[in-house]
Amino acid sequence: MRSLIGSHDILLVTIDTLRYDVAAELAAAGRTPELAGVLPGGRWERRHSPASFTYAAHHAFFAGFLPTPASPGVHDRRYAAAFPGSESSGPDTWVFDAADLPTALAVEGYHTLCLGGVGFFNRRGALGSVLPGLFAEAHWEPSFGVTAPDCLGAQLDRLAGSIDAVPAGQPLFTFLNVAALHQPNRHYLPGAAADGRDSHAAALEYTDGRLGRLFSLVRGRGRPVFTIICSDHGTAYGEDGHTGHRFGHEVVWTVPYAEFVLTPRAS
C-alpha cells in the first residue's frame, strides 16, 4: 500500500456484522453479483477480526490491524501506526507516525470522509463521536442507521454531495460503515417475524444491490481507488445457545475480507 499513497483514492467499507459463512455462500450461489464483479476470483477471503464488536474492531482497523488472514504465519499489514516492536510490517506496509489512518492520510493531503451507520458513529453523545471525530468530514443521520430499510441508499445520496465538493486534484479517503446487516434485519425478508440467518442473507443481497452505485461514485473522480471491503465481526443466531456478538465464537470472529483497485470511470 505504501506505493499507492497520494496517487490513489482510498475506500474502506465495513459491512457491519456480516458473517463469513453467509457471505461466502451467497457469493458461490451468484446472489451477490456486484461483489462477484470485484472480489478477487469472485470469492471472499476468510479472516479473523481483531475484536468481537464494532467499537473495538474499528479502533483496531484505523490503527492498522485489519482482519488477519486465517492461515498460520506472519502476515504483513497494509498500513500500520508506528510503534516499537511491531513484527508485521513489510516492504509495502505504509507505516505512519499518527495514531490512526484518517489523521495520517490527512497529513498526506487526503480529504477524509466518514459515513457512519451503526450507533458508534451517530455523534449523539461522547462515545458515538470518537470514531467520526477522527475525520475532517463525518455524517450520520437516522436514515443511515440500523432500523432504516434503505440505509445504504441514504448514505450514497450523502456521498454524492460530499464527493462533488472535494477538489478534483485532492486525494480522497472514504470510510463507509454499512448498518443493514446489523440486527434488526428482519425487514429485508418479507414475512420474517424475527432476525435470523436468512434475513441476514437478505440484508446482504440488499447491500449488494446498492454497491454498483457506490463504485460508480468513487470511480467518477478520475483516480484509481484502492478498496478494502470487510466485516468488523459476525453475529450468532442461536449457535451453541448464543445470540448476537461481543463474545468469542467462530461465527463472530470469522469475517469476510477483500481488497482490490477500482479503475477510474471513463468520462
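Descriptive notes on the structure:
- Sites excluded, GluC sites (Glu not before Pro) in DSSP loops with at most 15 other C-beta within 10 Å, longest stretch of the chain: 109-267
- When the Cα atoms of segment 1-136 are aligned to their principal axes, the ranges along those axes come out at 42, 40, 29 Å in descending order.
- The listed peptides 68-81, 215-228, ordered by packing as a protection proxy, come out as 215-228, 68-81 (highest mean of other Cβ atoms within 10 Å first).
- Taking every full run of DSSP H in the chain, the ones that stretch at least 18 Å from end to end by Cα along their long axis and average -1.0 or higher on the Kyte-Doolittle scale are 151-165, 197-219.
- When the P(r) of the chain is calculated, the portion above 31 Å amounts to 20% of the C-alpha pairs.
- For the chain, the share of accessible area belonging to carbon and sulfur comes to 53 percent (1.4 Å probe, ligands and nucleic acids excluded).
- Cα-based equivalent ellipsoid, segment 174-267: semi-axes from gyration tensor eigenvalues, Å: 31, 17, 8
- Residue-wise HN-Hα couplings along segment 173-188, as the Karplus relation 6.51 cos²θ - 1.76 cosθ + 1.60 with θ = phi - 60° gives them from phi, are 10, 10, 10, 10, 9, 8, 8, 4, 6, 5, 4, x, 10, 5, 5, 8 Hz; Gly and Pro carry x.
The values are calculated or read from the model by the stated rules, or taken from the named source; none is laboratory data. What you see is a predicted model, and the numbers here were worked out from it, not measured in a lab. When we count neighbours, we look across all protein chains shown, and the Cβ atoms used for this are built from the backbone with ideal geometry, even at glycine. SASA here: full protein model, heavy atoms, side chains in, ligands and nucleic acids out. Shrake-Rupley method; radii C 1.70, N 1.55, O 1.52, S 1.80 Å.
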